[in-house]
Structures are given as C-alpha cells and as structure tokens.
Protein chains: 2
Amino acid sequence: MTSRPTIRDVAHESGVSRQTVSRVINGDPRVAPATREHVEAAIARLGFRPNLIAQSMARGRTHTLACLAPTLTVFTFASIIEGAAAEARQHGYFLLSSSAPDAPAFAALVEQLVLQRRVDGVLVINPYIDERYQHLSAEAPIVLVGARSRDARLGSVSLDEQAAARIAVTHLVSLGHTRVAVVHGPLAEDCSQDRNAGYAAALQSAGLALDPGLVVGGDWSATSGHTAISRLLQAGREFTAVFAQNDRMAVGAVRALREAGRRVPDDVSVMGFDDIPLASYFDPPLTTMRQDMPRIGRQAARLLIQALESADTPPQHINLPAELVVRQSTRPMEGR
Amino acid sequence: MTSRPTIRDVAHESGVSRQTVSRVINGDPRVAPATREHVEAAIARLGFRPNLIAQSMARGRTHTLACLAPTLTVFTFASIIEGAAAEARQHGYFLLSSSAPDAPAFAALVEQLVLQRRVDGVLVINPYIDERYQHLSAEAPIVLVGARSRDARLGSVSLDEQAAARIAVTHLVSLGHTRVAVVHGPLAEDCSQDRNAGYAAALQSAGLALDPGLVVGGDWSATSGHTAISRLLQAGREFTAVFAQNDRMAVGAVRALREAGRRVPDDVSVMGFDDIPLASYFDPPLTTMRQDMPRIGRQAARLLIQALESADTPPQHINLPAELVVRQSTRPMEGR
DNA sequence: ATGAAAGCGCTAACAA
DNA sequence: TTGTTAGCGCTTTCAT
C-alpha cells in the first residue's frame with residue numbers, strides 16, 4: 001500500500017501550486033472557477049484527504065474538543081456527552097470523550113489533551129467529585145458541567161438543582177406528607193448541597209420543620225440508598241416520604257422499605273431524580289425529576305466554542321430547569 | 001500569555017541541540033547522564049511539554065486509538081470502552097471514544113478519524129447493526145467488537161454468544177420448563193442469530209421441539225420486550241419460561257406478564273442477558289447471563305495494538321465466555 | 001488569481 | 001555522545 005496522496009500530489013496532478021490546492025480545500029474564494037474545478041477533479045481522482053494533523057500543526061489549532069467524565073458508564077454522563085458531541089459537530093468541531101475515575105487519572109488526561117495540545121478546549125463533567133479540579137490548568141478554555149464554577153475564569157452549565165429539588169419536595173408535601181426524609185449524594189458535590197438546600201427551602205415554604213434525623217447520605221449507588229434507608233428504619237425514625245437525590249438510590253430505598261415490611265407507595269412515597277431509562281420499569285414505576293442531559297451538553301459545548309472563537313467572551317454560567325415526572329412511587333398520604 | 005516553550009527553547013536554555021532534547025524526552029539511552037540532567041532541569045524550569053501534534057506529524061503516527069459505538073448511553077458499550085481505554089493506556093496509547101447513531105454519521109466519523117489521520121487504529125463496537133461496516137475502509141487497522149468479523153482482514157472480539165445462550169436456556173430447561181419462549185434482538189446483528197442458535201441447540205440437547213410460535217423479536221428496548229410478550233399472550237401461546245436476549249427486554253417481558261395476570265417467577269420464569277447494573281433491583285431480581293464487558297474491551301484493544309506494532313500479525317478472532325447469574329426471576333416449574 | 005518562500009514543533013538519517 | 005540537515009503536510013505571509 002503506497003501512502004496517501006498529499007497536497008503536493010494534487011498540485012502536480014492538476015498543474016497548480018500547492019497553495020492553490022490549499023485554497024480550494026479551504027473554500028477560499030480567491031480561486032478562478034475553472035482552476036477550482038481542475039483541482040477538485042484531481043482531488044477526487046487521487047482520493048485526497050487533507051491530513052488533519054498537518055493542518056493542526058500549521059494552524060496551531062486542532063478543531064477538536066474533549067469531554068471528560070468520571071465514567072462513561074453512568075447514563076447521565078453519557079447523555080451529556082452525546083449532546084455536546086452533536087453541538088460540536090454542528091459547529092465543525094470534533095468532540096472526543098474520555099473518562100478518568102480519580103484525580104491522578106484525570107491529571108494524566110488533561111496533560112495528554114491540553115498540555116500536549118491535542119485539543120482546543122475541554123468540557124469537564126462533575127469537576128468537584130475529588131481533587132481533579134486542581135489539575136484544571138488555565139492553559140485551555142474550559143467549561144464545567146454539572147457544577148457551579150468556583151473559578152471566575154471558567155464558564156459552567158448545570159441544572160438549577162435547588163429549584164428542581166424544591167419542586168420534588170413540594171410534590172411530596174402537596175401530597176400531604178409532612179415527614180419527608182432525604183437521601184443525598186456526596187456533599188463534596190455541589191449538586192448534593194444544592195438539592196439539600198432545595199429540600200430545606202421547600203419544607204420551609206410549607207411551614208414544616210426540617211428534622212436533621214431524616215437527612216441521610218449515600219454515594220449515588222442503589223446499595224447506598226438501601227443502606228441509608230435501612231439505618232433510618234432501624235433508628236425508628238418516622239417518615240412517610242423519601243426524596244432520593246437520584247434514581248438509583250431511590251430504587252435502593254424502595255427495596256429497603258419493602259424488606260422492612262413497608263409498602264411503596266401505600267405506606268411510604270419515594271421520589272428519585274434523573275429519570276434514568278428504565279425508571280418506569282421498576283416496581284413501582286418511579287416518580288422522578290427529569291433532567292434534559294443532552295441539552296446540558298449542547299449548552300456546554302456552545303459555551304466552549306464561543307470562548308474559543310471570540311477570546312474575550314466573559315465566562316458564562318447557565319442554569320437549566322428540570323421537570324417533574326409523576327409515576328406510581330408517590331401518592332397522597334392516607335387519611336389517618 | 002506567551003505561547004508555550006518549544007523544544008528549541010529548551011535547547012537554548014540548556015545549551016544543547018534540539019536533537020539532544022528530543023532524545024531526552026524520548027528516553028533515548030544515547031545521552032550522557034550529565035547532559036540529560038541539564039536538559040531535564042531546563043525542561044522543568046520552562047515547563048516544557050512536547051507538542052503531540054508535532055510529534056505525530058514527524059512520526060507519522062499518533063499513538064491514539066478510537067473506539068466507536070452506536071451510542072455511549074448503553075451500559076454495555078460504555079463498559080467495553082472503559083476496558084479498552086484502560087488497556088490502551090497501559091500500552092502507552094490514548095483511546096478516544098465517540099458514537100454514531102447511524103451509518104452516515106459513522107462514515108463521517110471514520111472520515112475524520114482514519115482518513116484524516118487522527119488515529120492509528122479503530123475499535124468498532126457492533127459493526128453490523130446497519131450499513132456502517134461498509135464504511136470501514138481498509139486504511140487503518142480495525143478490530144470489530146461484539147460481532148464475528150465478516151472480513152478476513154479484520155480481527156474481532158466477542159462473546160461466545162451461542163454457548164452463553166445455551167447455558168441460559170439449559171438453566172430454564174433444567175428447572176423443568178419445556179415451553180420456553182425466546183425474545184431475540186434484531187436479526188441483522190450476529191449476536192441475535194447466535195443466541196437463537198444457542199437456544200435451538202439447548203432445546204435439541206434436551207430433546208425438546210422448537211416451536212416457532214414461541215420465537216419473537218424485539219429491538220433490545222424494554223418496550224419491545226413488552227410488546228413481544230404481549231403479542232404472544234394475546235395469541236394464546238403456552239409457555240412457562242422466557243429467554244430474553246437482553247435485560248431490558250426481560251424487564252419489559254416481566255411487565256407484560258404481570259399485566260396479563262401472570263406471576264413471575266411463580267407462573268412464568270424470565271431470564272435476561274447482560275447483567276446490567278440494576279438487574280438485581282428489579283422485581284423480581286433478574287436471573288441473567290453476565291458478560292465481562294471491560295474484558296472484551298481490553299482484549300480488543302490488545303488485538304489492535306498488536307496489529308499496529310507488528311504489521312504482519314494475522315487477524316485474530318477471540319471468543320469470551322459469559323457467566324450464569326441466578327436470581328429470583330427463574331424458578332422450578334410447579335408440579336402439576 | 002496564483003505562486004514562492006518560510007515555518008509550525010518535532011524526529012530521522014546521517015555525520016562528526 | 002552530540003550536532004547537522006532534511007523533511008513530515010499543511011498554511012501563511014508576501015510577491016507577482
């Protein structure tokens with residue numbers, strides 16, 4: 001197999017200079033129509049494709065973005081990435097995705113991608129789950145996803161977590177529940193804090209006291225939701241509703257309740273958050289807050305590209321709304 | 001911000017030639033220890049990082065692999081990617097992932113990645129779900145994942161689907177079920193065909209006739225599993241067990257059965273395939289075949305890197321086993 | 001409208 | 001062990 005044709009081969013083939021070929025492939029208008037046709041014919045004949053590496057080299061930009069997540073196997077992250085990729089593509093960028101489970105792996109990724117100039121900018125999903133944000137060099141434009149930026153120079157896109165949690169808890173309260181437990185995520189993550197704040201706000205608006213004994217934490221896994229609620233039950237806490245800060249913990253909570261002989265939703269209502277794909281196939285189908293993940297990704301990509309293309313754009317912070325999806329895991333309090 | 005230091009700056013700073021700096025950063029042994037130290041000091045002082053784009057340019061290789069999936073949002077695909085990324089990293093490669101929902105998008109991706117020389121090789125997950133395999137130019141080394149290669153030049157890694165399906169169905173048969181329905185995936189995909197073959201083989205080994213009326217298809221979604229089983233019930237087919245070719249369809253099947261007043265597993269046993277993360281949290285917890293996805297990804301990456309590093313390696317085809325996970329959605333037939 | 005020359009940051013081949 | 005000389009394939013001046 002001989003190596004691929006270069007711009008030089010096309011120049012020979014069509015009898016013009018390399019420069020003219022370059023103009024043609026870049027859509028430069030300063031080329032005579034006849035010349036352009038000749039060159040395009042030669043390109044087609046030779047099957048020439050511009051070498052992107054060489055273009056990047058000469059231009060100093062790669063037209064490539066990276067989207068980094070803690071893992072690809074979590075549905076919400078993957079959805080954000082796909083939304084971002086779609087938006088990037090529309091703007092002529094290629095978006096690659098990769099994941100780093102911990103801070104050192106993340107640092108290595110940033111090193112490879114940013115410091116070694118492989119990409120023009122980076123989208124970072126959940127930057128505050130560990131120390132990874134410390135490795136966010138200011139070398140490349142960066143947009144944070146799923147957390148408020150704690151650095152004035154970085155833009156961010158996230159859900160309006162507090163408002164969403166408030167809607168969720170208000171839903172439970174409006175059903176007549178006055179003792180609402182919350183299973184929150186790791187407090188190192190903004191979204192857990194914000195959802196807790198929304199929980200508190202909703203209770204307060206309803207004139208209900210917040211019982212710290214009903215606040216328990218998990219790590220987003222179903223198992224952790226199970227553990228959290230089991231503990232609550234063993235401690236003899238009274239509650240008729242649970243606001244789990246994600247669907248997986250909600251599912252774990254449901255199981256814990258059943259194991260303790262409580263019916264869901266007859267005895268206890270349970271809400272989740274995210275609306276994962278099979279949320280409606282659990283028993284009972286989960287009432288939850290739906291996040292438009294792809295949209296979050298699209299917005300983030302748009303912000304990043306904006307920053308790339310007009311250097312002096314001030315960093316923006318975008319908040320997106322979530323939507324209540326009522327299924328069968330929540331129901332009005334029994335009159336007693 | 002001044003631009004980043006180059007190899008030339010390091011050369012000046014340390015009083016050696018660019019070539020010597022190049023040798024240092026590439027770990028070439030032909031450098032005097034003293035010189036090496038000087039250069040390394042200069043590198044540290046300047047904060048120099050080799051520009052990967054320039055390296056790729058000069059070397060003609062990018063040390064980057066791509067892993068392409070139909071979507072990132074399916075757990076099995078994401079797991080394969082993470083396994084592949086880990087293996088690639090160990091070998092000094094960077095693996096980027098991207099997704100393409102349909103053949104045209106896939107073609108564009110291949111164009112960007114392979115024809116424009118952005119990566120050295122490609123892993124393609126599920127190449128036969130549509131016409132995408134037709135866009136697999138022979139320009140770069142490619143390894144197929146999740147399907148037998150139909151092209152002698154391409155290596156592949158997949159599950160031993162037939163054996164796995166056989167184990168699954170044999171499990172049901174050993175429980176005393178003689179009327180076992182199957183909900184298969186799209187027949188364009190090898191794995192559906194192979195799992196059907198395993199189903200047939202298991203029945204035959206058990207001396208049971210295959211009733212074509214008990215063979216129904218879905219598109220892997222829970223909804224499709226629901227529809228398939230609903231139709232079977234409406235048609236009045238008799239069966240006491242269902243082998244769904246993935247967990248999502250199994251979950252749909254369970255729902256359909258319940259809606260028709262059948263208890264699972266008391267009246268009908270249901271098996272899935274994949275062991276998705278929340279499989280044990282459905283009601284009932286799903287009996288299923290567990291695939292070691294990360295391992296599939298690792299193997300695939302290993303094959304690709306092998307092909308890259310020793311050009312004349314013949315394409316290999318690897319088959320990995322799956323493991324039966326018994327939970328509560330299957331149980332022995334009631335004696336009647 | 002087109003071409004010539006220089007260079008992007010690095011490595012490879014050859015010398016010394 | 002080190003340096004010199006050419007590129008890699010393309011774009012960007014600056015001429016013409």
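FYI, it's all coordinate maths here, none of it is from the lab. The structure presented is a predicted model; accordingly, all values stated were derived computationally and were not measured. Here Cβ is always computed from backbone atoms with ideal geometry, including for glycine, and neighbour counts include all displayed protein chains.
Based on the reciprocal of the average 1/r between different C-alpha atoms, the Kirkwood radius for region B:7-50 equals 9.8 Å. The same position residue B:29 in the other copies lies at 6.1 nm from this copy, comparing label points 7 Å beyond Cα toward the beta-carbon, shortest first.
Spin-label model, residue B:197 to residue A:19: label points 7 Å out along the Cα-to-beta-carbon direction sit 6.1 nm apart. Shown for residue B:234: label points 7 Å from Cα along the beta-carbon vector, and their distances to the equivalent points in the other copies, 4.9 nm in ascending order. Near residue B:258: Cβ cut-off under 13 Å, other residues only, Lys/Arg at +1 and Asp/Glu at -1. The net charge is -2.
For A:192, B:221, what ranking results if the residue with the fewest other Cβ atoms within 10 Å of its Cβ goes first?
Numbers: A:192 21, B:221 16.
With the sparsest Cβ surroundings first, the list reads B:221, A:192.
Sorted into 5 angstrom bins from 0, the C-alpha pair distances of region B:84-195 split as 2, 10, 17, 19, 16, 11, 9, 6, 5, 3, 1, 0 percent.
What is the percent of Cα-Cα separations in region B:65-134 that go past 19 Å? Intermediate values should be presented prior to the final figure.
Numbers: 724 of 2415 pairs.
Summing the P(r) of region B:65-134 above 19 Å gives 30 percent of all pairs.
Among beta bridges identified by DSSP and lying wholly in chain B, the antiparallel ones come to about 10 percent. Each principal axis of the Cα cloud of region B:193-336 was taken in turn, and the coordinate range along them, longest first, works out to 61, 34, 27 Å.
Once C-alpha pairs closer than 8 Å and six or more residues apart are averaged by separation and normalised to the residue number of region B:1-115, the relative contact order reads 20 percent.
Spin-label model, residue B:328 to residue B:28: label points 7 Å out along the Cα-to-beta-carbon direction sit 6.7 nm apart.
What is the dipole size for chain B, taken about its Cα centre, with +1 at each Lys and Arg Cβ and -1 at each Asp and Glu Cβ, in debye to the nearest 20? Intermediate values should be presented prior to the final figure.
On the way: 34 positive and 34 negative charges, 129 e Å.
For this selection, approximately 620 debye.
Take residue B:139, move 7 Å from Cα toward the beta carbon, and the resulting point lies 2.9 nm from the same point in each other copy, nearest first.
At a threshold of 8 angstrom on Cα-Cα distance, excluding pairs fewer than six apart, so keeping six or more, what relative contact order does chain A reach in percent? Could the numbers behind the result be given before it?
Working: 656 pairs, mean separation 57.3, N = 336.
Normalised by residue count, the contact order of chain A is 17 percent.
Between the beta carbons of residue B:102 and residue A:178, assuming R0 = 51 Å, the FRET efficiency works out to 0.50 to the nearest 0.05. For the protein assembly as shown, a Kirkwood hydrodynamic radius built from all Cα pairs, placed in the Stokes-Einstein relation at 4 °C and 1.567 mPa s, yields a translational diffusion coefficient of 47 µm²/s. Sparsely packed loop sites in region B:221-284 (the trypsin sites (Lys or Arg not before Pro) outside DSSP H, G, I, E and B with at most 14 other Cβ atoms within 10 Å) comprise B:263. Between residue B:221 and residue A:238, the modelled label-to-label distance comes to 4.6 nm, taking each label 7 Å out from Cα in the direction of the beta carbon.
Report, as a whole number in µm² per second, the diffusion coefficient that Stokes-Einstein gives for chain B at 25 °C and 0.890 mPa s using the Kirkwood radius over alpha carbon pairs.
109
Hydrophobic long helices, here whole DSSP H runs in chain A with Kyte-Doolittle means of at least -1.0 and Cα atoms spread over 15 Å or more along the helix axis, are found at A:33-46, A:75-90, A:161-174, A:190-205, A:222-234, A:247-259, A:293-309.
Which whole number of Å³ per residue matches the convex hull of the alpha-carbon atoms in region A:113-263? Each step should come with its number before you reach the end.
On the way: hull volume 17.5 nm³, N = 151.
Taking only Cα atoms, region A:113-263 has a hull volume of 116 Å³ per residue.
Taking every alpha-carbon pair within region B:93-146, the share separated by more than 14 Å comes to 47 percent.
Taking every residue in B:117-129 and counting other chain Cβ atoms within 10 Å of its Cβ, the average works out to 1. Projecting the Cα positions of B:31, B:43, B:19 onto the charge dipole of region B:7-50 (unit charges on Cβ atoms of Lys, Arg, Asp and Glu, taken about the Cα centre) puts B:19 furthest along the positive direction.
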